[in-house]
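Below is one structure, written out as structure tokens; the observations come after it.
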Amino acid sequence: MTAVGIDAIEIRSGKLKLDLPGTFAPQKGDDPEKYTKGLGLTNSSFPDVYEDIVTMGANAAKRLMDRKGLEPDDIGRIDVATESAFDHSKPVSTYIAGCLEKVYDGDFVHANKGERKFACVAGTQAVDDAYNWIRAGRNRGRAALVIATDTALYARGDPGEATQGAGAVAMLIAEEPSLVELSTDQGYGSKDETDFLKPNQQFPSVDGKRSMQVYLSRMREALEDYESVAGKIELDDFAYAPFHTPFPGMVRKAALLAYRHVIRDTEYEDDLADEIGRQPREDAYDDREAYEEAIRDYMDELKTTEQYRTWYDDAVEPTLGLSREVGNWYTSSVHVARVSALRDALERDRDFVDETLLVASYGSGAQAEIHAETVREGWRSEIEALDIDDQLASRYDLSWEEYEDVHDIHEYDKDLEREIEEFTAPEGEFVFTGWGRMNERKYEYVE
Ligand SMILES: CC(=O)SCCNC(=O)CCNC(=O)[C@H](O)C(C)(C)COP(=O)(O)OP(=O)(O)OC[C@H]1O[C@@H](n2cnc3c(N)ncnc32)[C@H](O)[C@@H]1OP(=O)(O)O
């Protein structure tokens, strides 16, 4: 079977940053370590006044197309995943295609365009759609452009305000990919939940604590479903496990739960038995409450063991590198985690071809998806080509007053937008220039 997967990837960060321990924590009267140690975040990427989901997505896509030497005719499909759309009818992919057509000779007239919605898991779903389109033989030799893009902002004062972010990831899905091959084994955990939603509003309604529980429950179901098709997960089979990362502290919880599940009835559990005992089994307890308390005690001990720490430090911690610096990017967050893992492999000069990643995506509302990917020959040059370090280093560091000014314009309030000056000077990029006659948003390319 011809390999299908991610051929190339580009990341575009918002050009501003909010320093969480330095700028945000003092204003909230919080200990800075709540952010750096508790949530695991140092900075949030933030969009400048001329940036939004279209500009970030188009800028990521343009860099990808230029680097890979692609013309519009090479692309048969453009799918955008976002939770931050500003239109209920016209998909963001049409705006992004319109931007790209300003700078390329050809056009995307014969490309199928769409928009995927299921909170943060939509980015992975769009990758799946592209994969299925190619597998079905409907691509006519062309590749798919998948763009996950979000301005992940919360209402001022919401606890989620600490986990904001803004950025886009563009991925080229193609046959014989350079970066990773996707496997057909997938597991899902999906239920109707009311934990995080945006009913006709740009900033979300969130039950933060509940959303964390829902994340863990759906992940467990997805893991069980994955094992039902792919067989029991062996810890040593996976080099890294990138998770959807709203904030690294969430992944810390999910990884511990996943580890407990995976080692049950294995030699890893046996090896730990002398130190912390065996995992509680439900049938040994009179009621669910006592069982759950025993599980919590076991997990508290498990996370301190050298065996667990070693696995976590090798397979999970390296996936969090970029997230700590950029915050939650919703639909692209798990794709940023994958890049962090591959960057770690590069830094450590790992011989990495044919290694496997276990990728765990999640979207509120709620659905988790878990699948495996295999690293391909071209991974090293793809990861070396990223310029994300330069982007992060050149972000404009917002003061508290500037943050307060700029935050609300990304709720797409037209009156506010005219009043606020940009913080950075655009160069060689797509920018938002204002609203049109039919309330459409307008864009230009600035040389
Ligand atoms: C959108 C999605 O992807 S859904 C899945 C995840 N959900 C979200 O991201 C929803 C948006 N986020 C939120 O609503 C909020 O940020 C929340 C609910 C996650 C956390 O908000 P708060 O209630 O303000 O934070 P909380 O008091 O729980 O502190 C966060 C962590 O920092 C720890 N902490 C607090 N102070 C400190 C400190 N001084 N030093 C070290 N750690 C600290 C807390 O113990 C907690 O860690 P724990 O959960 O392991 O105990």
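Looking only at residues that are among the small types (Gly, Ala, Ser) and assigned to a helix (DSSP H, G or I) in the range 327-369, which one is farthest from the ligand (Cβ to nearest atom)? Give the steps one after another, and end with the answer.
Filtering the range 327-369 for residues among the small types (Gly, Ala, Ser) gives 327, 332-333, 337, 340-341, 345, 360-361, 363-366, 368.
Of the ones still in play, those that are also assigned to a helix (DSSP H, G or I) are 332-333, 337, 340-341, 345.
Details: 332: 12, 333: 7, 337: 12, 340: 17, 341: 19, 345: 25 Å.
The selected residue is 345.
Note on the range 1-25: among residues that are out of contact with any helix residue (DSSP H, G or I) (no Cβ under 8 Å at 6 or more places or on another chain) and either more than 25 Å from residue 388 (Cβ to Cβ) or hydroxyl-bearing (Ser, Thr, Tyr) (or both), the one that is modelled with the highest pLDDT is 3. Looking at 40, 14, just one residue is within 16 Å of the ligand (Cβ to nearest atom), touching a Pro at 6+ places or on another chain (Cβ under 6 Å) and under 21 Å from residue 334 (Cβ atoms), and that residue is 40.
Which of the residues that make up the range 235-254 are more than 22 Å from the chain's Cα centre (by Cα) and in contact (Cβ under 8 Å) with a residue 12 or more places away in the chain? Even if it seems obvious, please write down each step before you answer.
Going through the range 235-254, the residues more than 22 Å from the chain's Cα centre (by Cα) turn out to be 235-237.
235, 237, listed by residue number.
Taking residue 56, is it at pLDDT below 95 and away from the ligand (no atom under 16 Å from the Cβ)? When the stated conditions are applied, residue 56 does not pass them. Just one residue in the set 276, 263 is away from the ligand (no atom under 16 Å from the Cβ), buried (at least 17 other Cβ atoms within 10 Å of the Cβ) and farther than 26 Å from residue 340 by Cβ; that residue is 276.
Sort through 364, 381 and tell me the only one that's under 21 Å from residue 59 (Cα atoms) and modelled with pLDDT of 95 or more. Quick ask: steps written out before the conclusion?
Working: 364 fails: under 21 Å from residue 59 (Cα atoms).
Only one candidate qualifies: 381.
Total residues in the range 35-80 satisfying the condition of being farther than 24 Å from residue 378 by Cβ and in contact (Cβ under 8 Å) with a residue 60 or more places away in the chain: the figure is 22.
Here's the yes/no breakdown for (1) in contact with a Phe, Trp or Tyr (Cβ under 9 Å, 6 or more places away or on another chain); (2) aromatic (Phe, Trp, Tyr); (3) under 20 Å from residue 362 (Cα atoms):
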site	(1), (2), (3)
45	yes, no, no
52	yes, no, no
62	yes, no, no
65	yes, no, no
81	yes, no, yes
113	no, no, no
122	yes, no, yes
134	no, no, no
142	no, no, no
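Selection within the range 17-37: residues that are crowded, with 24+ Cβ neighbours inside 10 Å and within 16 Å of the ligand (Cβ to nearest atom). The member of this set that is farthest from residue 167 (Cα to Cα) is 35. Within the range 89-110, residues that are aromatic (Phe, Trp, Tyr) have Cβ atoms under 6 Å from residues that are in a helix (DSSP H, G or I) in these pairs: 95/54; 104/72; 108/72; 108/97, counting only partners at least 6 apart in sequence or on another chain.
Can residue 341 be described as touching a Pro at 6+ places or on another chain (Cβ under 7 Å), small (Gly, Ala, Ser) and surrounded by 12 or more Cβ atoms within 10 Å (Cβ to Cβ)? Answer is yes for this residue. Considering only the range 352-375, state which residues are under 12 Å from residue 238 (Cβ atoms), buried (at least 22 other Cβ atoms within 10 Å of the Cβ) and either within 14 Å of the chain's Cα centre (by Cα) or among the polar types (S, T, N, Q) (or both). Passing the criteria: 359, 360, 370.
If we keep just the residues of the range 153-211 that are assigned to a loop (DSSP other than H, G, I, E, B) and of a type in the set (Phe, Trp, Tyr), which is farthest from the ligand (Cβ to nearest atom)?
If we take residues in the range 153-211 being assigned to a loop (DSSP other than H, G, I, E, B) and of a type in the set (Phe, Trp, Tyr), then 203 is farthest from the ligand (Cβ to nearest atom).
Quick check, is residue 324 more than 18 Å from residue 148 (Cα to Cα) and away from the ligand (no atom under 16 Å from the Cβ)? When the stated conditions are applied, residue 324 does not pass them. Scan the range 194-246 for residues that are hydroxyl-bearing (Ser, Thr, Tyr) and buried (at least 17 other Cβ atoms within 10 Å of the Cβ) and jot them down. Result: 211, 215, 226, 240, 245. Looking across 68, 34, one residue alone is under 24 Å from residue 246 (Cα atoms) and within 23 Å of the chain's Cα centre (by Cα). It is 34.
Here the condition is being more than 18 Å from the chain's Cα centre (by Cα), part of a helix (DSSP H, G or I) and of a type outside the set (Gly, Ala, Ser); of 223, 216, it holds for 223 alone. So which of 98, 69, 106 ends up being of a type outside the set (A, V, I, L, M, F, W, C), more than 16 Å from the ligand (Cβ to nearest atom) and either within 22 Å of residue 128 (Cβ to Cβ) or touching a strand residue (DSSP E or B) at 6+ places or on another chain (Cβ under 8 Å) (or both)? Criteria check complete, one pass: 98.
The values are calculated or read from the model by the stated rules, or taken from the named source; none is laboratory data. Note that the structure is predicted; figures quoted are calculated from it, not measured. No Cβ is skipped: glycine too gets one built from the backbone with ideal geometry, and neighbour counts run over all protein chains shown.
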